[in-house]
Structures are given as C-alpha cells and as structure tokens.
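Novice: Could you have a look at this structure, given as structure tokens, before my questions?
The values are calculated or read from the model by the stated rules, or taken from the named source; none is laboratory data. All figures in this text were calculated on a predicted structure; none of them were measured in a lab. Cβ placement follows ideal geometry from the backbone for every residue including glycine, while neighbour counts extend to all protein chains displayed. We work out accessible area using only protein heavy atoms, side chains counted, and drop any ligands, DNA or RNA first. Shrake-Rupley method; radii C 1.70, N 1.55, O 1.52, S 1.80 Å.
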Amino acid sequence: MEGTFIQAKTLIQASPEKVWSVLSQPANIADFHPLIKSAKMLKSDQRQCDLLPMGQMTERITDWEEGKSYVTEVIDGKMLPPHEFMKGKI
C-alpha cells in the first residue's frame, strides 16, 4: 500500500478494561487526544471533531472490535492537511 503512514504509541499504566472504558466513548476523544479541541457524535457511527489550533473533521467509525480497537476514516472537513484519504486506528 502506498502513502504516508504515521504511527504513535503510548504506554498506559492501567488495565485493558479501564483503557477501553475511555476509548470506547468516541465523543470523548478530546479528553486524551492533544490535537482535538472538542468532539460530538453526529450519528452512531460518525464523529465531528474541532481541531487545534483550527480546523474540523468528520469521521466515520468502522471496524469496531469491542474491548480492543476501532478504525476511523475522515469523510469531510475544513482546514485539513492536503491528503486524499485519512484513516486511523484507536
């Protein structure tokens, strides 16, 4: 697969259950993501994030693996980096 890939890892000193209890609330991403000012759910599978220092993106949440991870795909936005496609895994 071609493209630019950015990966970040963080070691969290907590049980997987406690970590998932935070990560499984997509509207609360601003509580732990340093580049997101605020977020809200638009639909059960869509989140809108206001970014720091400016900008906004709408993401579709896909590939939900309960207790483990989920994937987001940017489907719309304002003042975003000039990429054709952005996808992230939490």
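Novice: Describe numerically, in nm with one decimal, the distance between label points set 7 Å from Cα along Cα→Cβ at Ala14 and at Glu73.
Specialist: Each label point lies 7 Å from its Cα, and together they span 2.9 nm.
Novice: Please return the longest range in the chain lying between exposed loop sites, taking trypsin sites (Lys or Arg not before Pro), DSSP loop only, at most 14 other beta-carbon atoms within 10 Å, and leaving the sites out.
Specialist: It runs 10-67.
Novice: Using a 7 Å offset from the Cα along the Cα-to-Cβ direction at both Met41 and Trp64, what is the distance between the two label points in nm, to one decimal?
Specialist: If labels sit at Met41 and Trp64, their model points lie 0.7 nm apart.
Novice: With each pseudo-label sitting 7 Å past Cα toward Cβ, what's the Asp50-His83 distance in nm, one decimal?
Specialist: The modelled label-to-label distance comes out at 2.3 nm.
Novice: Okay, next question. With a 1.4 Å probe and every protein chain left in place, work out the accessible area per residue of region 39-84 in Å², rounded to a whole number.
Specialist: 66
Novice: GNM on the chain, C-alpha springs below 10 Å: top fluctuator among Ile36, Ile61, Ile12?
Specialist: Ile12
Novice: If the cut-off is a Cα-Cα distance under 30 Å, which lysines reach Lys18, setting aside same-chain residues fewer than 8 apart in sequence?
Specialist: Cα-Cα hits under 30 Å: Lys9, Lys37, Lys40, Lys43, Lys68, Lys87, Lys89.
Novice: Over the chain, what is the relative contact order in whole percent, taking alpha-carbon pairs under 8 Å and six or more residues apart?
Specialist: Contact order relative to length: 17 percent.
Novice: Which log10 I(q)/I(0) values, to two decimals, does region 4-69 give at q = 0.14, 0.19, 0.21, 0.28 Å⁻¹ under the Debye formula with one point per Cα?
Specialist: -0.48, -0.88, -1.04, -1.32
Novice: Okay, moving on. As a check on your grasp of the helix formula, calculate [θ] at 222 nm for the chain: sum -39500 (n - 2.57) over DSSP H runs of n ≥ 4, divide by the residue count, round to the nearest 500. Display every interim value, and only then the final one.
Specialist: Details: 1 runs with 8 residues, N = 90.
Result for the chain: -2500 deg cm²/dmol, rounded to the nearest 500.
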